[in-house]
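The values are calculated or read from the model by the stated rules, or taken from the named source; none is laboratory data. Computed from a predicted model, the values in this text were never measured in an experiment. Every residue, glycine among them, receives a Cβ derived from its backbone with ideal geometry; neighbour counts consider all protein chains shown. SASA here: full protein model, heavy atoms, side chains in, ligands and nucleic acids out. Shrake-Rupley method; radii C 1.70, N 1.55, O 1.52, S 1.80 Å.
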Amino acid sequence: PSIPRHTNRLINEKSPYLLQHAHNPVDWYPWGQEAFDKAKKENKLIFLSVGYSTCHWCHVMEEESFKNKEIGEIMSKNFVCIKVDREERPDVDKVYMTFVQATSGGGGWPMSVWLTPDLKPFAGGTYFPPEDGVHRVGFRTVLLRIAEQWKENKDSLLESSRKILEALQHVSEICVRGQESPPPSKEVMATCFQQLSNSYDEDYGGFSKSPKFPTPVNLNFLFTYWALHRTTPEGARALQMALHTLKMMAHGGIHDHIGQGFHRYSTDQHWHVPHFEKMLYDQGQLAAMYSRAFQISGDQFFADVIQDILLYVSRDLSDQAGGFYSAEDADSYPTTASEEKREGAFCVWAAKEIRALLPDPVEGATEGTTLGDVFMHHYGVKETGNVSPMQDPHQELKGKNVLIVRCSPEVTAAQFGLEPGRLGALLQEGCRRLSTARAQRPRPHLDTKMLAAWNGLMISGFAQAGTALAKQEYVSRAAQAAAFLRRHLFDPTSGRLLRSCYRGRDNTVEQSAVPIQGFLEDYVFVIQALFDLYEASLEQDWLEWALQLQHMQDKLFWDSKGFAYFSSEAGDPSVLLRLKGDQDGAEPTANSITVTNLLRAACYSGHTEWVEKAGQILAAFSERLQKIPITLPEMARATAVFHHTLKQVVICGDPQGEDTKEMLHCVRSIYSPNKVLLLADGDSAGFLYRQLPFLASLERKDGKATAYVCSNFACSLPVTSPQELRGMLCP
């Protein structure tokens, strides 16, 4: 690589996204006191640019504007320029995104915002092209106009920024009004189901025409709805919607058939042409959703998809110390000789490449059939490429194919006169050869930042898959990652989580000079992961740590006046608003997951004040849950868990005994959204017995492993056969 001409302060940062901008001819600062002091001292406006390292349009704006020397000079002369990685600082991102959405009606990344020296926003947008076009003002023009306004109308800018902040504070407030109680679960569930049902795509699954997102939160809601309405037509429809969506996604181009795992989202209705980046949070949540689909249906198809996702994560997103990396980029160099990156280059194929890799004649098929013919037919490959120009505005995929399963195995086999049973091995061989060929291509950029929250989601994915498929190696991988979190993203002296750590030189794990403290979502997703890991491994240490973290979460984030939790803690003067997320999107919002966490925590500890807190969160969001629950499907689901009271399924037995294992297998093979599993192993000095004195009164019947189903600390009669237990769990 050539010696860079410019180097700015970002060279000292750890975030891969900030490091990507370290050689821009812009005087970039990271978010922090040095930049704020400079803005105040020189009375300069701040230009804040927020993005993340696998964001396609962030790369485009960097290439066009931030690498342009002239534009860089205008930026550095007139503004204090700050770069933020939204994955490191979701709190900063959320404050200014709230502003951009409120003032422009849209949002997204890269986010470009202009702030007064005291950090109040007054102008903003997302991507700007460098120069003026027919329909859009160019970035250069915007910079010069704003600099001019600051010279001419400073006072009115300051006044308008003050008013804007007041208005934002008002609109973003979520709190309990008066004596509100949690909203009626039955109505919330019915409305949410109806709203999802109305937006459902009957043909291809999913909940919009295009673009189409995986939305695990919608699927999780539908599984819960089905479990509570198994015998009704609505319940049957909820299950069908969820399973059909998961099947269509797995067949689609959003699923990487050669390299495993799922891309971010589909640009079309058919799940065909994706945005190619792969995010850790999608893999974690989808592994959990496919695990539920398998528990409910017993269909091996779903088990295969789980193994596919976890193979990808273990191979490509895993640090040798046990943590999980954040993401893989969409853009890469088509060949080692290429000058510029293209979206999807690592994943797409020309028909002639496939023909050259798969020339073998297929025995027992119609005369003249090659392996390439069979493979191309099955995966919808066309000689001229299978991507419509509508899905490819920059013509990056012209003549290329995104693999998508177009036929059932039976239809493909019949097309070539093959025995249906032979097709699997042929397709597998085709995928293996394409995978070997793909390994020769330059890989996309890997974001090796490790985030507590996303690691939590992935631990849950491995733990739930281990439970559903009875695969110990997945549970062990989850435990390895949890141990990584405790070692690298937890400060035992303060009892607090940290947000992020990084892969350093020589593959060591590094921390930034001033570590970023954990946010609400870090606590919530890690606590959920530890509960999932306890149920999969029955190691009580994970429970003990989860409950400690729950106490810390209460201390740092609880809003004792308006109820529910703030996303960030108090005391950082550079974060102007303490917000509460109000939308379950690509990830569930933290307050939604924490309702179920609190109910689980109460079951494991006997602290009933956590049940009360769960109700108070639902009360704070009551209006939204009753009117537009489709924006909060995970919290809508939690209203049902709150209303139906969690059942404690207690297995009394020797953890190594076969009879105990049979009972545990029975509990784990059933999908039930309102149960928690406890193993009472007879160790009265152990953590669970100290937390829950009632366990001491539960006995093994006739010396056999015995199950009790308890709620509100009153228990059923004991049962000793898995069949009886199944009957109690699936009424």
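Cβ-Cβ distances below 6 Å connect the following pairs, each with a first residue in the stretch 92-105 that is in contact (Cβ under 8 Å) with a residue 24 or more places away in the chain and closer than 12 Å to Arg578 by Cβ, a second residue that is open to solvent by less than 20 Å² (accessible area, probe 1.4 Å) and assigned to a helix (DSSP H, G or I), and a separation of six or more residues or different chains: Thr98/Leu168. Of all residues in the stretch 50-102, exactly one satisfies the criterion of being crowded, with 23+ Cβ neighbours inside 10 Å, of a type in the set (Gly, Ala, Ser) and either within 30 Å of Glu173 (Cα to Cα) or touching a Leu at 6+ places or on another chain (Cβ under 6 Å) (or both), namely Gly51. Just one of the listed residues (Arg486, Arg433) is at pLDDT 95 or above and either of a type in the set (Val, Ile, Thr) or under 30 Å from Glu13 (Cα atoms) (or both), and it is Arg486. Taking only pairs six or more apart or across chains, which ones have beta-carbon atoms under 8 Å, a first residue in the stretch 24-49 that is more than 17 Å from Glu13 (Cα to Cα), and a second residue that is open to solvent by 10 Å² or more (accessible area, probe 1.4 Å) and among the small types (Gly, Ala, Ser)? Every condition considered, the pairs that remain are Phe36/Ser574; Leu45/Ala147.
Do you know which residues across the stretch 656-667 are over 20 Å from Gln464 (Cβ atoms) and either small (Gly, Ala, Ser) or open to solvent by less than 50 Å² (accessible area, probe 1.4 Å) (or both)?
Residues of the stretch 656-667 that are over 20 Å from Gln464 (Cβ atoms), as a first pass: 656-660, 662.
Within the stretch 656-667, Gly657, Thr660 meet the criteria.
Given the condition closer than 18 Å to Thr720 by Cβ, in contact with a helix residue (DSSP H, G or I) (Cβ under 9 Å, 6 or more places away or on another chain) and open to solvent by 60 Å² or more (accessible area, probe 1.4 Å), answer yes or no: does some residue in the stretch 668-679 qualify?
Looking for residues that are closer than 18 Å to Thr720 by Cβ, in contact with a helix residue (DSSP H, G or I) (Cβ under 9 Å, 6 or more places away or on another chain) and open to solvent by 60 Å² or more (accessible area, probe 1.4 Å), one finds none in the stretch 668-679, hence no.
Within the stretch 499-518, being part of a loop (DSSP other than H, G, I, E, B), out of contact with any helix residue (DSSP H, G or I) (no Cβ under 9 Å at 6 or more places or on another chain) and open to solvent by 40 Å² or more (accessible area, probe 1.4 Å) holds for Thr508, Val514, Pro515.
Among the candidates Gln320, Gln260, the residue that is open to solvent by 10 Å² or more (accessible area, probe 1.4 Å), at positive phi and either touching a helix residue (DSSP H, G or I) at 6+ places or on another chain (Cβ under 7 Å) or not assigned by the TED database to the domain that holds Ala586 (or both) is uniquely Gln260. Based on this model, can you work out whether Ala303 counts as more than 17 Å from the chain's Cα centre (by Cα) and open to solvent by 10 Å² or more (accessible area, probe 1.4 Å)? Criteria not met by Ala303.
Keeping to the stretch 490-544, report how many residues are among the aliphatic types (A, V, I, L, M) and over 26 Å from Ser15 (Cβ atoms). Explain how you work it out, then say what you get.
First pass over the stretch 490-544, keeping only residues among the aliphatic types (A, V, I, L, M): 497-498, 509, 513-514, 516, 520, 524, 526-527, 529-530, 533, 536, 538, 543.
Pick out the ones that are also over 26 Å from Ser15 (Cβ atoms) and you get 530, 533, 536, 538, 543.
Final tally of qualifying residues: 5.
With the structure loaded, tell me whether Gly125 is among the small types (Gly, Ala, Ser) and either open to solvent by 20 Å² or more (accessible area, probe 1.4 Å) or in the same structural domain as Gly581 (by the TED database) (or both) or whether it fails that test. Against the criterion (among the small types (Gly, Ala, Ser) and either open to solvent by 20 Å² or more (accessible area, probe 1.4 Å) or in the same structural domain as Gly581 (by the TED database) (or both)), Gly125 does not qualify. Taken over the stretch 601-620, the residue count meeting the criterion of being in contact with a Leu (Cβ under 6 Å, 6 or more places away or on another chain) and either part of a loop (DSSP other than H, G, I, E, B) or modelled with pLDDT under 95 (or both) is 1.
Of all residues in the stretch 14-21, none satisfies being among the polar types (S, T, N, Q), farther than 19 Å from Ala123 by Cα and free of Cβ contacts under 8 Å to residues at least 12 places away in the same chain. Residue under question is Asn198, and the condition is that it be at pLDDT 95 or above, in a helix (DSSP H, G or I) and either farther than 30 Å from Ala288 by Cα or touching a Leu at 6+ places or on another chain (Cβ under 7 Å) (or both); does it hold? No, not satisfied. Does any residue of the stretch 638-658 turn out to be under 21 Å from Tyr565 (Cβ atoms) and of a type in the set (Phe, Trp, Tyr)? Within the stretch 638-658, one or more residues are under 21 Å from Tyr565 (Cβ atoms) and of a type in the set (Phe, Trp, Tyr). Among residues of the stretch 328-378 being under 30 Å from Trp454 (Cβ atoms) and hydroxyl-bearing (Ser, Thr, Tyr), the one that is least open to solvent (accessible area, probe 1.4 Å) is Ser332.
Looking at the stretch 156-173 only, could you name the residues that are hydrophobic (A, V, I, L, M, F, W, C) and either surrounded by fewer than 11 Cβ atoms within 10 Å (Cβ to Cβ) or outside the structural domain of Leu115 (by the TED database) (or both)? The answer is Val171, and nothing else. Of all residues in the stretch 231-253, those that are hydroxyl-bearing (Ser, Thr, Tyr) and either open to solvent by 40 Å² or more (accessible area, probe 1.4 Å) or without any contact (Cβ under 8 Å) to a residue 24 or more places away in the chain (or both) total 2. Within the stretch 178-192, residues that are more than 18 Å from Glu634 (Cβ to Cβ) reach partners that are in a helix (DSSP H, G or I) with beta carbons closer than 7 Å, at six or more positions or on different chains, in the pairs Glu180/Ala619; Glu180/Ser622; Ser181/Ala619. Taking the listed residues Leu538, Leu533, the one that is closer than 30 Å to His665 by Cβ, of a type in the set (A, V, I, L, M) and open to solvent by 10 Å² or more (accessible area, probe 1.4 Å) is Leu538, with no other qualifying.
For (1) of a type in the set (Val, Ile, Thr); (2) under 16 Å from the mean Cα position of the chain (by Cα); (3) crowded, with 22+ Cβ neighbours inside 10 Å, each residue gets a yes or a no:
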position: Ile527; (1), (2), (3): yes, yes, yes
position: Trp542; (1), (2), (3): no, no, yes
position: Trp545; (1), (2), (3): no, no, no
position: Asp572; (1), (2), (3): no, no, no
position: Val595; (1), (2), (3): yes, no, yes
position: Leu598; (1), (2), (3): no, no, yes
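The residues of the stretch 196-230 that are open to solvent by 30 Å² or more (accessible area, probe 1.4 Å) and closer than 20 Å to Gly284 by Cα, listed by number, are Phe213, Thr215.
Here's the yes/no breakdown for (1) over 32 Å from the mean Cα position of the chain (by Cα); (2) over 25 Å from Asp331 (Cα atoms):
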{"position": "Arg5", "(1), (2)": "yes, no"}
{"position": "Ile11", "(1), (2)": "no, no"}
{"position": "Lys14", "(1), (2)": "no, no"}
{"position": "Leu19", "(1), (2)": "no, no"}
{"position": "Gly32", "(1), (2)": "no, yes"}
{"position": "Asp37", "(1), (2)": "yes, yes"}
{"position": "Lys40", "(1), (2)": "yes, yes"}
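As a summary of the residue check, Pro117 satisfies the conditions (1) open to solvent by 50 Å² or more (accessible area, probe 1.4 Å); (2) within 25 Å of Ser65 (Cβ to Cβ); (3) part of a loop (DSSP other than H, G, I, E, B); (4) out of contact with any Ser or Thr (no Cβ under 8 Å at 6 or more places or on another chain) except for the one numbered (1).
So which of Leu598, Leu556, Leu579 is more than 28 Å from Tyr225 (Cα to Cα), in contact with a Lys or Arg (Cβ under 9 Å, 6 or more places away or on another chain) and in a helix (DSSP H, G or I)? Before you say what the answer is, go through the steps one by one.
Values: Leu598 fails: more than 28 Å from Tyr225 (Cα to Cα); Leu579 fails: in a helix (DSSP H, G or I).
Testing whether each residue is more than 28 Å from Tyr225 (Cα to Cα), in contact with a Lys or Arg (Cβ under 9 Å, 6 or more places away or on another chain) and in a helix (DSSP H, G or I) leaves just Leu556.
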